[in-house]
Amino acid sequence: MKYHFLSYCKIKKLDFIYQLIFTNFIRRFTQKKSIQICGFKSAFICGLLFLSIPSNAQTPVEVFAGHKKSTLDIMFFKYFKNKEKQNSRFLFFNRNRASIDYAMTKTTNLPQFGFTEAISYNHEKLKGFAPVAVISILNIGVYPKIGIQYVKIKKDFTFFGWTVVETLKDANINLFLLARFTPKLTEKLNLYSQIEFVNDFPVTAKNLYNFVQRIRLGLKLKEFQFGAGFDFNEYGRNNFVSTNNLGGFLRYEF
């Protein structure tokens with residue numbers, strides 16, 4: 001009974017933060033009636049971010065305020081437990097991400113949403129490698145993927161990545177890499193550094209190359225992490241368009 005009560009409190013706390021963040025977003029960016037409708041839909045969809053969060057998982061929530069966009073990012077990976085309450089060979093990955101552009105209008109720079117779930121089978125003999133099945137739900141469609149994953153988790157270092165290919169007709173090869181280093185600086189303070197790459201390589205000439213880099217550099221104090229953030233994006237084929245979003249982040253691990 002006590003465990004379920006604590007889980008319920010955790011979900012309520014997440015829901016409160018979600019309402020606080022997106023209420024402020026909508027107040028700021030929905031001045032016209034036409035945009036108000038879009039803002040309402042955005043908040044409704046963002047509420048779905050919390051439906052896939054297991055109550056027993058450690059859940060990091062990051063808010064990033066850049067000079068062009070603000071984002072809400074929820075990402076974690078966790079092993080399923082077996083009957084003995086030990087980690088099983090199945091690893092669950094969850095990534096829910098939403099962004100709002102400050103230049104949003106009725107028809108342009110609309111909010112972007114992404115829901116990515118993955119399950120991998122991690123046998124000890126594979127030394128961190130594992131077959132993985134991924135499903136990504138984006139504004140523009142649904143993308144099932146299969147491929148190979150690699151995970152290495154230590155006390156102050158985490159490496160997570162996969163190479164997967166879409167199972168659709170006009171497929172892309174997706175390379176995802178995440179490295180996090182949090183060495184201790186003092187008894188209560190740690191460095192927080194993270195770099196992430198999300199790269200799409202088209203198999204056919206119809207699709208574009210897309211490269212995303214996200215950098216976080218700051219401090220870790222108990223469950224809080226905060227500091228500077230840098231998001232970069234390049235996309236195209238023969239000629240590439242580059243964008244960036246620079247600002248600060250606040251991250252909390254529930």
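None of the figures in this text is laboratory data; all of them are computed from the coordinates on show. Just so we're clear, the structure is a prediction, and the values are computed from it rather than from any experiment. A quick note on method: Cβ atoms are made from the backbone with ideal geometry, for glycine too, and the neighbour counts reach across all protein chains shown.
So how far apart, in nm, are the two label points at Ala133 and Gln213 if each is 7 Å from Cα heading toward Cβ?
3.5
First check a/c for the range 56-253, with a ≥ b ≥ c the square roots of the eigenvalues of its C-alpha gyration tensor; if it is under 1.5, answer rounded, and if not, answer prolate when a/b is larger than b/c or oblate otherwise.
Oblate shape, in that a/c is at least 1.5 and b/c is the bigger or equal ratio.
Could you sort 195-205, 235-245 so that the peptide with the highest average Cβ count within 10 Å comes first and the rest follow in order?
Those peptides, ordered most packed to least, come out 195-205, 235-245.
Using 7 Å Cα-to-Cβ label points, what is the Leu250/Gln112 separation (nm, one decimal)?
Label at Leu250, label at Gln112, 2.4 nm between them.
Holding the Cα-Cα limit at 29 Å, pick out from Lys125/Lys154; Lys154/Lys222; Lys145/Lys184; Lys78/Lys125; Lys127/Lys184 the pairs that are longer than that.
With Cα atoms farther than 29 Å apart: Lys145/Lys184.
Full extension from Phe92 to Lys184: what is 0.36 nm times the residue separation minus their Cα-Cα distance, to one decimal in nm?
My answer for the length gained is 30.3 nm.
When the chain is fully extended, how far beyond the present Cα-Cα distance does Thr243 get from Lys78, taking 0.36 nm per residue of separation? List each step's numbers first, then the result.
On the way: separation 165, 0.36 × 165 = 59.40 nm, distance 3.24 nm.
Here the answer is 56.2 nm.
Rounded to the nearest 20 debye, what is the charge dipole size of the range 149-238 about its Cα centre when +1 sits on each Lys and Arg Cβ and -1 on each Asp and Glu Cβ?
360
Starting from 0.36 nm per residue, how many nanometres of slack lie between His123 and Lys85 once their C-alpha separation is accounted for? Could you put the intermediate results ahead of the total?
Values: separation 38, 0.36 × 38 = 13.68 nm, distance 1.74 nm.
Gain in length upon complete extension: 11.9 nm.
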